[in-house]
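Read the structure below first, then the notes.
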Amino acid sequence: MQKTVEFSKGATLHPENAAWSVEDVEALYNLPFMELVFRAAEAHRQFFDPSKIQLSTLLSIKTGGCSEDCGYCPQSTHHETAVEDQPMLSVDEVVGLAKQARANGAGRFCMGAAWRGPKDADLEKTLDMVRRVKELGLETCATFGLLRDGQAEKLKDAGLDYYNHNLDTAPEKYGDIIQTRAYEDRLDTLGKVRQAGLSVCCGGIVGLNETRRDRAGLIVQLANLEPQPESVPINNLVKVDGTPLEDAPDLDWTEFVRTIAVARLTMPSSYVRLSAGRRGMSEAVQALCFMAGANSIFYGDKLLTTGNPDVDADRALMAKLDLQTL
Ligand code: SAM
Ligand code: DTB
Ligand code: SF4
């Protein structure tokens with residue numbers, strides 16, 4: 001415990017090549033709230049200008065009808081939700097929406113699909129989307145699920161910058177949330193993504209009725225990836241009617257802020273994204289998340305199938321907090 005708290009004074013003090021343990025990360029979570037936020041704010045300043053945030057816009061290019069059974073997700077065929085299935089959008093539709101995102105000030109455009117993983121024929125169709133979005137001068141990101149050999153390389157060749165693939169929760173908790181795949185499957189795809197030379201966007205969800213130890217277990221998995229993910233989305237569960245987690249108890253806002261701070265301290269040079277769930281957060285809580293080291297958001301009126309603060313509200317919040325777009 002003592003050793004851990006010493007490390008936590010600045011994540012740069014963490015000995016090189018030493019893996020984070022769940023106990024190390026729990027010790028960070030257990031710091032007095034103000035001390036934790038202060039240390040995270042300090043670590044943030046070692047690697048970033050804290051007045052700048054990165055803006056990513058999401059688009060669901062293929063919605064619903066997913067064969068996976070993720071307990072949080074409204075797009076799974078295993079749950080009865082109000083999401084209407086939608087086949088893959090055309091390349092022109094995607095490019096039109098990417099242009100809109102660019103005009104609104106987004107720097108990255110993230111295309112998501114409700115697949116366990118892409119079939120080769122589906123992947124081919126997405127390559128044109130990636131090429132054309134990249135030509136607009138936007139950074140490109142895709143989240144298509146599990147990848148097979150060769151698929152990450154094709155995405156890279158088409159101009160993809162980032163691949164988003166979340167670990168979502170602790171390995172011990174995974175089986176309570178998802179039965180149709182294993183943690184190892186996710187780690188395997190993350191390896192393929194790295195191998196292909198893509199940047200990694202990898203994070204998780206809190207509010208799944210998990211314990212603090214589970215949250216620490218997720219952070220350990222993320223922080224021990226080598227190299228660490230360039231981008232770490234921290235999602236607060238958006239509870240959707242019809243999903244097994246529709247009635248999950250709310251996570252206290254302080255615990256969400258602690259999670260952001262712990263992500264910042266353990267992954268000091270990564271972008272930490274305050275991701276899904278912002279619609280349920282006050283501006284003051286969001287401001288505290290930025291103080292605790294969040295420096296990226298999903299920007300645009302919609303996430304994949306659920307709502308997000310509208311662009312005008314986010315612009316007003318950024319102006320109030322003197323935050324500029326990266
Ligand atoms: N099907 C692909 C996959 O699972 O990797 C890509 C899309 S999937 C919707 C991407 C991520 O969205 C999930 O890993 C999860 O972290 C997040 N997500 C899904 N439903 C959510 C919800 N209700 N609240 C918060 N995050 C959610
Ligand atoms: C991530 O970590 N969160 C995003 C994105 N990566 C793909 C998705 C959030 C989805 C929220 C529920 C929905 O809109 O369907
Ligand atoms: Fe499918 Fe992804 Fe939703 Fe899981 S999170 S059900 S893999 S779309």
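The values are calculated or read from the model by the stated rules, or taken from the named source; none is laboratory data. Predicted model only: the values in this text are computed from it and were never measured. Neighbour counts are summed over all protein chains in view; Cβ atoms, including those assigned to glycine, are modelled from backbone coordinates with ideal geometry. Heavy atoms of the whole protein, side chains included, go into the accessibility calculation; ligands, DNA and RNA do not. Shrake-Rupley method; radii C 1.70, N 1.55, O 1.52, S 1.80 Å.
A few notes on this one:
- Straight-distance crosslink candidates among aspartates and glutamates, where the alpha carbon sits under 16 Å from K239 and sequence neighbours closer than 8 are dropped: D69, E80, D168, E210, D247, D250, D252
- Relative contact order of the chain, defined on C-alpha pairs under 8 angstrom at six or more residues apart (%): 23 percent
- Helix runs (DSSP H) in the chain reaching 15 Å along axis by Cα, Kyte-Doolittle at least -0.5: 33-47, 91-104, 212-223, 253-266
- Reachable lysines, given that their alpha-carbon falls under 26 Å from the alpha-carbon of K52 and they are not under 8 places away in the same chain: K9, K99, K134, K302, K320
- P(r) tail fraction, segment 203-326 - alpha-carbon pairs more than 24 Å apart, %: 25 percent
- For segment 149-218 and segment 284-314, distance of Cα centres in Å: 22 Å
- Unpaired cysteine residues in the chain (no second Cys Cβ under 4.7 Å): C66, C201, C202, C289.
- Per residue, the chain exposes an accessible area of 42 Å² to a 1.4 Å probe, with every protein chain left in place.
- A crude spin-label estimate for the pair S67 and A319, with each label 7 Å from Cα along the Cβ direction, gives 4.9 nm.
- Distance histogram for segment 38-134 (every C-alpha pair counted, 5 angstrom bins, percent rounded to whole numbers): 2, 12, 17, 16, 14, 13, 10, 8, 6, 1
- The label point for L136 and the one for L326, both projected 7 Å from the Cα toward the Cβ, are 1.9 nm apart.
- Distances between placed amide hydrogens fall under 5 Å for W115 paired with no residue 5 or more residues away or on another chain.
- The chain, helix-only ellipticity at 222 nm - DSSP H runs n ≥ 4, -39,500 (n - 2.57), divided by all residues, nearest 500: -12500 deg cm²/dmol
- From phi via Karplus (6.51, -1.76, 1.60), per-residue ³J(HN,Hα) for segment 84-89 in Hz, x at Gly/Pro: 9, 5, 9, x, 4, 5
- Treating each Cα of segment 146-236 as one equal point scatterer and applying the Debye formula with no solvent, the log10 of I(q)/I(0) at q = 0.16 Å⁻¹ comes out as -0.62.
- Residues V285 and K119, FRET efficiency given R0 of 25 Å [Cβ-Cβ distance, rounded to 0.05]: 0.05
- Using the Cβ-Cβ distance between K52 and N224 with R0 = 22 Å, the FRET efficiency computed as 1/(1 + (r/R0)^6) comes to roughly 0.20.
- Percentage relative contact order, segment 101-234, counting C-alpha pairs under 8 Å, at least six apart: 23 percent
- In the chain, the ratio of gyration radius to Kirkwood radius, Rg to Rh, stands at 0.94 when only Cα atoms are counted.
- Solvent-accessible area assigned to carbon and sulfur over segment 32-325 amounts to 49 percent, based on a 1.4 Å probe.
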